[in-house]
Amino acid sequence: MSSIEVIGGEQLKGELKIQGSKNAALPIIAATVLNKGATILKNCPKILDVLHMIKILEELGCKTKWEGNTLFVDSSVITSPSVSEESVRKMRSSILYLGALLGRCHEVTIAYPGGCSIGKRPIDYHLNAMAKMNVTEEFLKEGEIIHCSTNEIIGNDIFLEFPSVGATQNVILAAALSKGITRIFNAAREPEVTELCNYLQEAGAKISGKGTAYLQVEGVKELHDVTFTLMPDRIVAGTYLTAIAATYGDAILTDFPAWALDSVIRVLKKTGCRIENFENNVRVYCKKRLQPIELIKTQPYPGFPTDMQSQMMTVLCLADGESTIMEEIFESRYQNVKELRKMGAKIRLEASDNKAILTGVKKLHGAVVTSHDLRGGAALAVAGLAAEGKTIVQGATSIERGYEDICRDLSALGANIRYCSENAS
Ligand code: UD1
C-alpha cells in the first residue's frame with residue numbers, strides 16, 4: 001500500500017496532456033473477446049483497473065502485450081468462458097465480461113459481484129436484460145456464482161428502469177453478435193457508452209442512436225480485426241480542473257474534449273473560475289475567492305457525474321459561503337466527509353436525503369487522511385494541494401486504479417506531491 005505526501009500551497013501552472021479514458025477502456029477490453037482476432041488499442045491508460053481487465057483476458061486464454069500506451073490483444077482462442085470469483089471481487093467492472101462472453105461463447109460463469117465502498121451496486125438490470133435475450137441463468141454456490149448460457153442470443157426490446165452505464169454496455173456487448181435487433185430504451189448516454197459503440201462499429205458491428213437514450217443494435221455474424229484510439233479521460237481531466245481551481249492556479253489541459261465535461265465546467269464557472277476552450281485544449285484560471293454553489297445533484301449524463309462529486313466537494317469546502325451537494329447515484333459516496341473534516345472542512349450530512357451541506361473555509365490544513373475509493377482519494381490529494389502544510393493520503397493504491405500517475409501529472413503543474421511508502425506516514 002502506498003501513500004501520497006502533499007505539501008500544499010503551490011498554485012498549479014503550466015500544461016498537461018490527459019491520459020486515455022478508464023471508463024471507455026474497461027468495456028472495450030471486455031469487447032475484444034468478440035472479434036476472434038487482433039485488437040490494437042491506442043492511448044490505453046496503464047492503470048490498475050486496466051491491468052486487472054487484461055489479467056482476466058489472459059485467464060480466458062487471450063494473448064496480450066503492451067508497447068508504450070498501446071495494448072495488443074489476440075482473442076483468437078478462448079479456453080474457458082469463466083471469470084473467477086477473485087477477479088470479480090477485485091473489480092466490479094469484470095461484470096462486463098458477462099455480455100461479451102455470452103456473445104462470443106454463448107456461455108459464461110461469473111461470480112455475483114457484491115457491493116463496494118461506494119454502495120450496493122446490484123446487477124438486476126443486467127440479468128433481466130440477458131434473460132429477455134434468450135439467455136438462461138442459473139445460480140450456483142448459494143447464489144454466489146451465476147452460470148448463463150444460450151443456444152443463440154436473440155435481439156429484443158430492453159427497457160432500462162434507470163439509465164445504468166454497466167447494464168447498457170452489457171446489453172450492447174451481448175447484442176453485437178446476436179440474431180435480430182435489440183432496442184435499448186432509456187439507455188445510458190455517457191460518452192464512454194458511445195465510445196464502446198464506436199469501437200464495435202470499427203470492428204463491424206451495426207449500431208445506431210449513439211449518444212441518445214434509444215440505442216439499436218442489429219446483430220452481425222462476426223466482427224473483424226480493429227485498431228482503435230481511446231478518448232481522453234474526462235474524469236481525470238475534471239479532477240485536474242478542480243486541482244487548478246482549488247489552488248487558484250492558471251493551467252491548460254491539452255487533448256481533452258471539453259464538451260464531455262460540460263456539466264462540471266458549468267459549475268466551475270459558477271464558482272468564479274474562468275474557463276477558455278480552444279481546439280482540444282482547456283485553460284482554467286481563478287483569481288478571486290471561489291463562490292459557493294446552491295445545489296449540485298449527481299445525475300446520469302449529461303448531468304453532473306457522480307465520479308466528480310468528491311473532487312467538487314473539495315473545491316466547495318474552500319468557497320465563500322454555503323453549498324449543498326446531493327448524491328443521487330451511489331448511497332455511500334460521502335466517505336470523504338470525515339477525512340475533509342480532519343483538514344478543517346465544515347460539512348454537515350443529512351443522511352435521510354443523501355445531502356451534504358458545506359460551509360466554506362478560507363484555508364484547509366494538512367492532516368493524515370485515508371482514501372476510501374478511487375475518486376475520493378484523488379479529491380483528498382486535491383485538498384492537500386490547497387491546504388496549509390503537509391497532508392498524507394493513506395491507501396493511495398485506490399487512486400492508482402484510475403490515474404496513471406497522479407503525482408507525475410500534478411508535479412508537472414508545479415505541485416509538491418509524491419508517492420511514499422505507507423510506513424512513512
Ligand atoms: C456508475 C456511474 C458511472 C461511473 C461508474 C463508476 C452513473 C449513472 N453511472 O456506473 O458514470 O463512471 O459508476 O463510478 O452515474 N443499478 C441497479 N441495478 C443494476 C444496475 C444499476 O439498481 O442492475 C443502480 C445502481 O445501484 C446505481 C445506479 O443504478 O444506483 C447507476 O448504476 P450504473 O450506472 O449501472 O453503475 P455503473 O455502471 O457502475
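Counting DSSP beta bridges with both partners in the chain, what percentage is antiparallel, nearest 5?
Counting DSSP beta bridges with both partners in the chain, the antiparallel share is about 70 percent.
What do you get for trypsin sites (Lys or Arg not before Pro) in segment 116-217 restricted to DSSP loop and a cutoff of at most 11 other Cβ within 10 Å of the site's Cβ?
Answer by residue number: LYS120, LYS141.
Under a point-charge model restricted to the Cβ atoms of Lys and Arg (+1) and Asp and Glu (-1), what is the dipole moment magnitude of segment 369-425 relative to its Cα centre, in debye to the nearest 20?
Once rounded to the nearest 20, the dipole reads 80 debye.
Can you give the local net charge around GLU67? Use residues other than it whose beta-carbon is closer than 15 angstrom to its beta-carbon, Lys and Arg +1, Asp and Glu -1.
Within the 15 Å Cβ shell, the charges total +3.
Charges only on Cβ, +1 for Lys and Arg, -1 for Asp and Glu: so what's the dipole of segment 3-68 about the Cα centre, in debye to the nearest 20?
Here segment 3-68 has a charge dipole of around 320 debye.
Among PHE278, ILE329, PRO300, which residue has its Cα positioned farthest towards the positive end of the charge dipole of segment 268-338, with +1 placed on the Cβ of Lys and Arg, -1 on the Cβ of Asp and Glu, and the dipole taken about the Cα centre?
PHE278
To check my understanding: the extent here is largest minus smallest coordinate of the Cα atoms along each principal axis. What are those three numbers for segment 132-239, in Å, largest first?
42, 33, 26
What do you get for Rg/Rh over segment 318-361 if you use C-alpha atoms and the Kirkwood form of Rh?
0.96
In square nanometres, what is one fourth of the surface area of the convex hull spanned by the alpha carbons of segment 99-175?
Result: 5.1 nm².
Per-residue HN-Hα couplings for segment 321-328, Karplus 6.51 cos²θ - 1.76 cosθ + 1.60 at θ = phi - 60°, whole Hz, x for Gly and Pro?
These are the phi-based 3J(HN,Hα) values: x, 9, 10, 10, 10, 10, 8, 9 Hz.
Using the Karplus curve 6.51 cos²θ - 1.76 cosθ + 1.60 with θ = phi - 60°, what ³J(HN,Hα) values do you get for each residue of segment 393-398, in whole Hz, with x for Gly and Pro?
9, 7, x, 6, 4, 4
Quick one: P(r) of segment 274-341 from all Cα-Cα pairs, 10 Å bins, percents rounded to integers, in order of increasing distance.
Taking every Cα pair in segment 274-341, the percentages come to 17, 43, 33, 7.
As a test of the definition: which semi-axes, in Å, follow for the chain when you take the square root of five times each eigenvalue of its alpha carbon gyration tensor? Largest first, please.
38, 21, 21
Can you list residues whose amide H is under 5 Å from VAL368's amide H, if they're 5+ apart or on another chain and H is modeled 1.01 Å from N?
ILE392
Considering the options CYS148, SER398, VAL108, tell which one lies farthest towards the positive end of the dipole of the chain, charges being +1 on Lys and Arg and -1 on Asp and Glu at the Cβ, about the Cα centre.
Projecting each Cα onto the dipole axis, the largest value belongs to SER398.
How long are the semi-axes of the equivalent ellipsoid of segment 321-425, defined as square roots of 5 times the Cα gyration tensor eigenvalues? Whole Å, largest first.
Ellipsoid half-lengths, sorted descending, are 24, 16, 12 Å.
Within the chain, which is the longest segment containing none of the GluC sites (Glu not before Pro) that sit in a DSSP loop and have at most 14 other Cβ atoms within 10 Å?
Within the chain, the longest run free of exposed GluC sites (Glu not before Pro) spans 1-141.
Nearest 20 debye, what's the magnitude of the dipole of the chain about its Cα centre given +1 on Lys and Arg Cβ and -1 on Asp and Glu Cβ?
1120 debye
Using only Cα atoms, what is the ratio of the radius of gyration of segment 1-80 to 2.2 N^0.38 Å?
1.41
Over segment 155-212, what is the relative contact order in whole percent, taking alpha-carbon pairs under 8 Å and six or more residues apart?
This gives 39 percent for segment 155-212.
On full extension of the chain, what length is gained from HIS365 through LYS46, given 0.36 nm per residue of separation minus the C-alpha to C-alpha distance?
My answer for the length gained is 111.6 nm.
Can you give the net charge of the other residues whose Cβ lies under 14 Å from the Cβ of VAL88, counting K and R as +1 and D and E as -1?
+1
How large is Rg over Rh for segment 186-239, taking Rg from the Cα atoms and Rh as the Kirkwood inverse mean of 1/r across Cα pairs?
When Rh is taken as the Kirkwood radius, the ratio is 1.03.
With a bin width of 10 angstrom, please list the P(r) values of segment 231-379 as percents of all Cα-Cα pairs, from the 0 bin to the one holding the largest distance.
12, 44, 36, 8, 0
Please turn the phi angles of segment 234-248 into ³J(HN,Hα) values with the Karplus equation 6.51 cos²θ - 1.76 cosθ + 1.60 (θ = phi - 60°), one per residue in order, whole Hz, x for glycine and proline.
Per residue, the Karplus-derived 3J(HN,Hα) values read 6, 6, 4, 4, x, 4, 6, 4, 5, 5, 5, 5, 5, 9, 6 Hz.
Local charge sum around THR359 (other residues, Cβ-Cβ under 9 Å, Lys/Arg +1, Asp/Glu -1)?
Neighbourhood net charge equals +1.
Once you have the alpha carbon radius of gyration of segment 1-151, what is it after dividing by 2.2 N^0.38 Å, with N set to its residue count?
That ratio works out to 1.20.
Could you state the principal axis extents of the C-alpha atoms in segment 212-268, from the largest down, to the nearest angstrom?
54, 27, 12
None of the figures in this text is laboratory data; all of them are computed from the coordinates on show. Keep in mind it's a predicted model, so treat the numbers as computed, not measured. Every residue, glycine as well, gets a Cβ built from its backbone with ideal geometry; the counts of neighbours run over all protein chains shown.
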